[in-house]
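K.L.:
The structure is given below, and queries will be raised subsequently.
The values are calculated or read from the model by the stated rules, or taken from the named source; none is laboratory data. Every value quoted in this text rests on a predicted model; they were computed, and no experiment measured them. Here the Cβ positions follow ideal geometry from the backbone for every residue, glycine too, while neighbour counts run over all protein chains shown. Please note that ligands, DNA and RNA were not included when accessible areas were found on the heavy atoms of the full protein model with its side chains. Shrake-Rupley method; radii C 1.70, N 1.55, O 1.52, S 1.80 Å.
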Amino acid sequence: MVRLASATAYVVGCCAVASISAFQLPSSLHRVSSTPMSTSSTLFMSTTAPVDSDFKSESAKQQIGNKSFLNENLMARAQNGPGKTNKEKLKIGIVGAGLAGMVAAMDLADAGHDVEMFELRPFVGGKVSSWQDKDGNHIEMGLHVFFGCYYNLFGIMKRTGSFDTELRIKEHIHTFVNEGGSLGSLDFRFPIGAPISGLQAFAKTEQLGLTDKFHNALRLGTSPIVRALFDFDGGMDMVRDLDDITFTEWFTQLGGSRGSLDRMWDPIAYALGFVDCDNISARCMLTIFMLFAIRTEASVLRMLEGSPQTCLHDPILKYLEDRNVKINLSMGCRELVYDTDASGKPTRVTGIKVGPREELREFDAVVCALDVPGIKKVLPQSFRDNFPMFDNIYNLDTVPIATVQVRFNGWVTEMNDEGRMMDISGDQSDGRGGGIDNLLYSADAEFSCFADLAVTSPGEYYKEGEGSLIQAVFDERAFSRSEKQIVQDCIDQLHKLFPSSRKLECTWSNVVKLGQSLYREKPGQDKFRPKQATPISNFFLAGSYTYQDYLDSMEGATRSGLMVADEIIARADGPDGLKALSEKANAAKSGRKMKIPFFASA
């Protein structure tokens, strides 16, 4: 996503909202015509970044290290499944039915295992959850956007049959809406791909003046991305070493301007992780820039045809049900039950207690596919006391967000034709509503990215006789305000960005506050992200916060789910495999100290 001498900017829209969402119950109770994988990245030949020896699965290793950025087979792996059936059949419990947990369950079921899932909420999806209110309105945890570099997630959608029917491709352009209705853009539409397409997009953008463009070129011309165009390993290793400083610190060291940060990079940072450039890790931003710089398709944007539940989760649930995976809703994990050795050190998890009655369910292996606050609630203190990997998780912080949905009696983003703006007559479904059919950014609003879902994802968001359904995500700057005030602030700021919309009236609104959403991508956090396999032989972790070479996003969650399944499959068979260890433990059960419980209010 970044450039040659000034190519970095082409990343712009960056991972944008990657997956803007969070994990918590609400206060009251996303047509593709282009191939997302490119075959033109032969520019980089050898990548020798070390792969952590803690990963036993060769497939899981393909998701980490420098090679993972150049691997064109990730989509095929996700689409085709694990490619192996274990000799031994494990009984596996998965805590959490978010994207990571469901993806893990798909692979584990295909590998021949007996899988059961437990979800606290009455619906699946985790950070990507959606549901209907009593009036039939579809409510979302956040704004969900699919970038062209979501190779693993696209593979999963191909596997469930939803890729070709449930995604709507957008123009290859990222648009900034400024106060008064002026637009700035990063237009990647160009006959030559990355990094040239990004270079010309940055050179032509109206979002920055000539001075800021010059300073951008000065700083980005010395970035690791430029080195990576000739020495990918060297450039990527430089990026990894920048996790201890903010993007602002890195950007301003050798000429980057404050104006560029304020008008372009801050909206991107907020969209990416809900924090600004003064607080986001340079590694986080530059990792995305790197990917955009080497993959033409990486910055192409798609949104769902309708709600996440219908378009993304339901096909996965059908896949799981066809393979006899049992999913228990409204039944969260209350307690982990585990064995210890003679010194009291935990050795293996024997089961979990679930639901209000704390019913004990025993398993050969347990996967906690939760988010940061969820895993913090579930982990026993003795796990933290004995294993630094678990204790490190508590160094991870999260950011609060508020997702706002506001419906109007006209088309908010239609600024060229007042008559069209006011026209809501007839059937305007299938994206025929007025205005901008794409993700939008702004440096002049507290919601850094937003979209009109009645236009971008009309399947279940367009209502005949009504107009725009704006969905915007506020970060912690607005979180403490009342829901009523947040709605009014959203309307006022929309009017500031789209002056003509002042003639429209709000007909419906909704706010979902999430006190703990994505983990905070501040400097120094990457080292605290845990791996999927843990020091406890049959206990595993999944979730977008766990270690993989992407961010806290839908793609990150998908990667983690595939990786944890690969690790379990690699460890299932043999005399020292998970099944054998489980049988040995059960045989010796009566003579061992066991079942030291930890109550968790998860």
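K.L.:
Tell me, in nm to one decimal, what length is gained between ASP417 and ASP54 on full extension, where the rule is 0.36 nm per residue of separation less the Cα-Cα distance?
P.N.:
Value of the extension gain: 124.7 nm.
K.L.:
Could you sort 523-529, 223-229, 170-176 so that the peptide with the highest average Cβ count within 10 Å comes first and the rest follow in order?
P.N.:
223-229, 170-176, 523-529
K.L.:
In whole angstrom, how far apart do the alpha carbon centroids of segment 326-368 and segment 501-519 sit?
P.N.:
Centre-to-centre distance over Cα atoms comes out at 38 Å.
K.L.:
Rounded if a/c is under 1.5, else prolate if a/b beats b/c, else oblate: with a ≥ b ≥ c from the C-alpha gyration tensor eigenvalues square-rooted, which is segment 160-258?
P.N.:
On the way: a/c = 1.83, a/b = 1.21, b/c = 1.52.
Here segment 160-258 falls in the oblate category.
K.L.:
Using just the helices of the chain, give the 222 nm mean residue ellipticity in deg cm²/dmol: DSSP H runs with n ≥ 4 each add -39,500 (n - 2.57), and the total is spread over all residues, rounded to 500.
P.N.:
Theoretical 222 nm ellipticity from helices: -8500 deg cm²/dmol.
K.L.:
Can you give the FRET efficiency for SER182 and GLU358, using 1/(1 + (r/R0)^6), R0 = 35 Å, r = Cβ-Cβ distance, to the nearest 0.05?
P.N.:
On the way: r = 58 Å, r/R0 = 1.67.
Efficiency at R0 = 35 Å is approximately 0.05.
K.L.:
Spin-label point model (7 Å from Cα, Cβ direction): what's the ASN395 to LYS87 distance in nm?
P.N.:
4.1 nm
K.L.:
Turning to a different aspect of this structure: Give the shape of the chain as rounded, prolate or oblate, defined through the alpha-carbon gyration tensor: a ≥ b ≥ c are the square roots of its eigenvalues, a/c under 1.5 means rounded, and otherwise the shape is prolate if a/b is larger than b/c and oblate if not.
P.N.:
prolate
K.L.:
Taking amide H positions as placed 1.01 Å from N in the peptide plane, with prolines and chain starts having none, which residues 5 or more places from GLN132, or on another chain, fall under 5 Å of its amide H?
P.N.:
Those qualifying (amide H under 5 Å, at least 5 residues apart or on another chain) are ILE139.
K.L.:
Something else: Hey, can you find the accessible area per residue of segment 525-565 for me, probe 1.4 Å, expressed in square angstrom?
P.N.:
On the way: 570 Å² over 41 residues.
I get 14 Å² per residue for this part.
K.L.:
Return the aspartates and glutamates within reach of LYS503: Cα separation strictly under 18 angstrom, same-chain partners fewer than 8 residues apart disregarded; answer none if there are no such residues.
P.N.:
GLU179, GLU414, ASP417, GLU418, ASP423, ASP452, GLU466, ASP489, ASP492
K.L.:
Within the accessible area of segment 112-252, what % is carbon and sulfur when the probe is 1.4 Å and the other protein chains stay in place?
P.N.:
Details: 2680 of 4900 Å².
The nonpolar share, carbon plus sulfur, comes to 55 percent.
K.L.:
Can you list the HN-Hα couplings for segment 135-140, worked out from phi with the Karplus curve (6.51, -1.76, 1.60; θ = phi - 60°), rounded to whole Hz and with x for Gly and Pro?
P.N.:
Computed from phi, the couplings for segment 135-140 are 9, x, 6, 8, 9, 10 Hz.
K.L.:
Count charges around GLU321 for me, please; just the other residues with Cβ under 15 Å from its Cβ, Lys/Arg as +1, Asp/Glu as -1.
P.N.:
Values: positive: ARG159, LYS318, ARG323, LYS326; negative: ASP110, ASP114, GLU116, GLU119, ASP314, ASP322.
Overall, the nearby charge balance is -2.
K.L.:
Then there's this: For the chain, what proportion of DSSP beta bridges, expressed in % and rounded to the nearest 5, is antiparallel?
P.N.:
So the antiparallel bridges amount to about 70 percent of the total.
K.L.:
Any chance you could check the Cα centroid distance between segment 536-572 and segment 125-203 for me, in angstrom?
P.N.:
First find each Cα centre; the distance between them is then 24 Å.
K.L.:
With θ set to phi - 60°, apply the Karplus curve 6.51 cos²θ - 1.76 cosθ + 1.60 along segment 471-488 and write out the HN-Hα couplings as whole Hz, x wherever there is a Gly or Pro.
P.N.:
For segment 471-488, the Karplus curve yields 10, 9, 10, 8, 8, 5, 4, 10, 4, 6, 6, 5, 4, 4, 5, 5, 4, 5 Hz.
K.L.:
Still on this structure: Please list, ordered by chain and number, the residues whose modelled amide H lies under 5 Å from the amide H of GLU359; skip anything fewer than 5 residues away on the same chain.
P.N.:
Excluding prolines and chain starts, which carry no amide H, the hits are VAL354.
K.L.:
In whole Hz, with x marking every Gly and Pro, tabulate ³J(HN,Hα) for segment 355-369 from phi via Karplus 6.51 cos²θ - 1.76 cosθ + 1.60, θ = phi - 60°.
P.N.:
Each residue of segment 355-369 in turn: x, x, 8, 6, 5, 7, 10, 9, 9, 6, 8, 10, 10, 9, 9 Hz.
K.L.:
Determine the gain in length on full extension of the stretch ARG189-GLN488; use 0.36 nm per residue of separation and subtract their C-alpha separation, reporting nm with one decimal.
P.N.:
Details: separation 299, 0.36 × 299 = 107.64 nm, distance 3.63 nm.
The span from ARG189 to GLN488 would gain 104.0 nm if fully extended.
K.L.:
Still on this structure, I have one more. What pairs in LYS170/LYS527; LYS89/LYS353; LYS89/LYS513; LYS170/LYS376; LYS376/LYS496 have C-alpha atoms more than 32 Å from each other?
P.N.:
LYS170/LYS527; LYS89/LYS513; LYS170/LYS376; LYS376/LYS496
K.L.:
Here is a further query. FRET efficiency for THR211 and LYS326, Cβ-Cβ distance as r, R0 = 41 Å, nearest 0.05?
P.N.:
That gives a FRET efficiency of 0.10.
K.L.:
Is there a pair in LYS84/LYS318; LYS56/LYS91; LYS67/LYS377 whose C-alpha atoms are over 31 Å apart, and which pairs would that be?
P.N.:
LYS67/LYS377
K.L.:
Turning to a different aspect of this structure: Using mean Cβ contacts within 10 Å as the protection proxy, how do 287-299, 199-211 order, highest first?
P.N.:
Working: 287-299: 26.9, 199-211: 17.6.
The packing order, highest mean first, is 287-299, 199-211.
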